[in-house]
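Asker: Handing you this structure, nothing more for now.
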Amino acid sequence: MATRSLLLLPGDGIGPEAMAEVDKLIALLNERRGAGFETRTRLVGGAAIDAEGAPVSDETMALAMSCDAVLFGAVGGPKWDGVPYELRPEAGLLRLRKDLALFANLRPAICYPALADASSLKRHLVEGLDILILRELTGGVYFGEPKEIVDLGGGQKRGVDTQVYETYEIERIARAAFEAARTRRNRVTSMEKRNVMKTGVLWNEVVSRVHRDEYPDVALDHMLADAGGMKLVQAPKQFDVIVTDNLFGDMLSDIAAMLTGSLGMLPSASLGSPDETTGKRRAMYEPVHGSAPDIAGQGIANPIAMIASFAMCLRYSFAMVAEADALEASIAHVLESGTRTGDIMVEGASKVGTAEMGDAIAAAFAERLG
Ligand code: IPM
Ligand code: MG
């Protein structure tokens, strides 16, 4: 039996509740498909700070390096507001992304027909929406140096973050975007701020060159990131693949998430380069929503973004395409049947909690697995 190793990092807030629903699906795949998933669970974020003194331990990092894929819940919460910046919960997530070299973050925003009324936009604007945001994840202002607060004396300080991109970083995320577009509607929109930022000028130049030399068959256009944000809420269906830097990608993907009805709906995959000898890519899968401390522990969180992240894991890390399709179809089916968590509740639907939503999806999935 093939062994597939997964590292589960549920984290803080609603992370553990959402991850518990994925456990059910893993068990199903092992029973019904002999999938051979072996899981290990470790702490990350605030939970790891409390128990291990750091937001991600070296032992956990070593496991993340050696497993086939990492499933990540969420980190952070007011409890850790006072911890030193270097040790804050988010630093654990950023270390995982950086040390695993997960430069390509795929954030698909799909509006399930059943949810078109849950969106804050009008139904006709979002119904059938299917866009993919390719966010650069290991560079830009998140990691650029210097990153500091300097005491200038006289009660004045200077805060510095550094936005920096090199050619190879832009090339590889551009290629990932063009490759993805070829499997979809063959259209890429690149977003930057070349009217203000040097990194934007370089970004635009490199994306254009990669397009001209390697992907002339794909339609490419460029948009200033602020205008792009506006277009995303004005006429989101004009987009197919959006490629953008780390910070703009963070913001634009939260906007895109709300088009789908709720932040609780958006999954993501973070991928590294294929290994030169094995062809395997390091990978981590995480919902775009955060730890939502305000609703944590109440059993009311929407587990769909976490479950859909697991579907991406099946697709991208294990080439289990039929199973990934079946899981996504199960989510759509349960939504159509009118089963809703509070965040996507509409009149006439039946309101359920996290575990009931997970059970409903698992039951639909079991039926499809046969
Ligand atoms: C995200 C999150 C993270 C980010 C936080 C938790 C550090 O907002 O994945 O979008 O800013 O990248
Ligand atoms: Mg974010």
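Asker: With runs of 4+ DSSP H residues as the only contributors, calculate the mean residue ellipticity of the chain at 222 nm using -39,500 (n - 2.57) per run, divided by the residue total and rounded to the nearest 500.
Answerer: Numbers: 12 runs with 154 residues, N = 370.
Calculated at 222 nm, the ellipticity per residue is -13000 deg cm²/dmol.
Asker: While we're looking at this one, here's another question. Out of all DSSP beta bridges with both ends in region 122-261, state the antiparallel percent to the nearest 5.
Answerer: 30
Asker: Of the peptides 235-244, 145-154, how do they stack up when ordered by the mean number of other Cβ atoms within 10 Å, highest first? Mind showing how you got there, number by number?
Answerer: Working: 235-244: 21.2, 145-154: 9.3.
Descending mean neighbour count gives 235-244, 145-154.
Asker: Could I ask something else about it? Between region 329-361 and region 108-132, what is the C-alpha centre distance in whole Å?
Answerer: 16
Asker: Nearest 5 percent is fine: what portion of the DSSP beta bridges confined to the chain is antiparallel?
Answerer: On the way: 20 of 48 bridges.
Counting only bridges with both partners in the chain, antiparallel ones make up about 40 percent.
Asker: Work out from phi, with θ = phi - 60° and the Karplus expression 6.51 cos²θ - 1.76 cosθ + 1.60, the ³J(HN,Hα) of each residue of region 120-130, listed in order in whole Hz, and give x for Gly and Pro.
Answerer: The phi angles translate into 7, 9, 5, 3, 5, 7, 10, 4, x, 4, 8 Hz.
Asker: Which value, in Å², gives the accessible area per residue of region 274-370 when a 1.4 Å probe is used on the protein heavy atoms?
Answerer: It amounts to 42 Å² per residue over region 274-370.
Asker: What distance in nm separates the two pseudo spin-label positions at Ala51 and Glu336, each 7 Å out from Cα along the beta-carbon direction?
Answerer: It works out to 4.1 nm between the two label points.
Asker: Taking amide hydrogens as modeled 1.01 Å from N in the peptide plane, which residues meet the under 5 Å criterion relative to Gly73, leaving out close sequence neighbours?
Answerer: Long-range HN contacts for Gly73: Leu9, Gly11.
Asker: Sticking with this structure for a sec: Rounded if a/c is under 1.5, else prolate if a/b beats b/c, else oblate: with a ≥ b ≥ c from the C-alpha gyration tensor eigenvalues square-rooted, which is the chain? Spell out each step's value before the answer.
Answerer: Working: a/c = 1.38, a/b = 1.18, b/c = 1.17.
Taking the square roots of the gyration eigenvalues as a ≥ b ≥ c, the chain is rounded.
Asker: Continuing with this model, one more query. Starting from the Cα-Cα distance between Asp254 and Arg368, subtract it from 0.36 nm times their residue separation and give me the gain in nm to one decimal. Show your work: numbers first, answer last.
Answerer: Working: separation 114, 0.36 × 114 = 41.04 nm, distance 3.14 nm.
Contour length minus Cα-Cα distance gives 37.9 nm.
Asker: Considering only C-alpha atoms, what is the centroid distance from region 285-309 to region 1-77, in Å?
Answerer: 14
Asker: Round to a whole number: what % of the accessible area of region 122-261 belongs to carbon and sulfur, probe 1.4 Å?
Answerer: Working: 3460 of 6510 Å².
About 53 percent, which is the carbon plus sulfur part of the accessible surface.
Asker: In addition: Could you run the Karplus curve 6.51 cos²θ - 1.76 cosθ + 1.60 with θ = phi - 60° over region 252-258 and give me ³J(HN,Hα) per residue in whole Hz, x for Gly and Pro?
Answerer: Coupling constants for region 252-258: 5, 6, 5, 4, 4, 4, 5 Hz.
Asker: Between the DSSP loop rule and a limit of at most 11 other Cβ atoms within 10 Å, which GluC sites (Glu not before Pro) in region 272-354 are left?
Answerer: Glu276, Glu347
Asker: Kindly write out, for region 178-191 in residue order, the coupling ³J(HN,Hα) from the Karplus curve 6.51 cos²θ - 1.76 cosθ + 1.60 (θ = phi - 60°), rounded to whole Hz, with x marking Gly and Pro.
Answerer: Listing the rounded values in order: 5, 4, 5, 4, 4, 8, 10, 9, 6, 9, 10, 10, 9, 10 Hz.
Asker: Moving on to the next point. Taking region 122-261, how many lysine pairs are there with alpha carbons less than 29 Å apart, if each pair must be eight or more places apart or span two chains?
Answerer: Total qualifying Lys-Lys pairs in region 122-261 comes to 11.
Asker: Further question: Under the classification rounded if a/c is under 1.5, otherwise prolate if a/b is larger than b/c and oblate if not, where does region 122-261 fall, given a ≥ b ≥ c as square roots of the Cα gyration tensor eigenvalues? It would help to have the intermediate numbers written out before the result.
Answerer: Details: a/c = 2.62, a/b = 1.48, b/c = 1.77.
Judged from the Cα gyration tensor, region 122-261 comes out oblate (a/c at least 1.5, b/c at or above a/b).
Asker: Shifting gears a bit: Heavy-atom accessible area per residue, region 132-177, 1.4 Å probe: how many Å²? List each step's numbers first, then the result.
Answerer: Working: 2310 Å² over 46 residues.
Here the per-residue accessible area is 50 Å².
Asker: Hey, another quick one. Roughly how far apart, in whole Å, are the Cα centres of region 133-156 and region 186-225?
Answerer: What the calculation gives is 24 Å, centre to centre.
The values are calculated or read from the model by the stated rules, or taken from the named source; none is laboratory data. Just so we're clear, the structure is a prediction, and the values are computed from it rather than from any experiment. Glycine also receives a Cβ, built like all others from the backbone with ideal geometry; neighbour counts cover every protein chain displayed. Heavy atoms of the whole protein, side chains included, go into the accessibility calculation; ligands, DNA and RNA do not. Shrake-Rupley method; radii C 1.70, N 1.55, O 1.52, S 1.80 Å.
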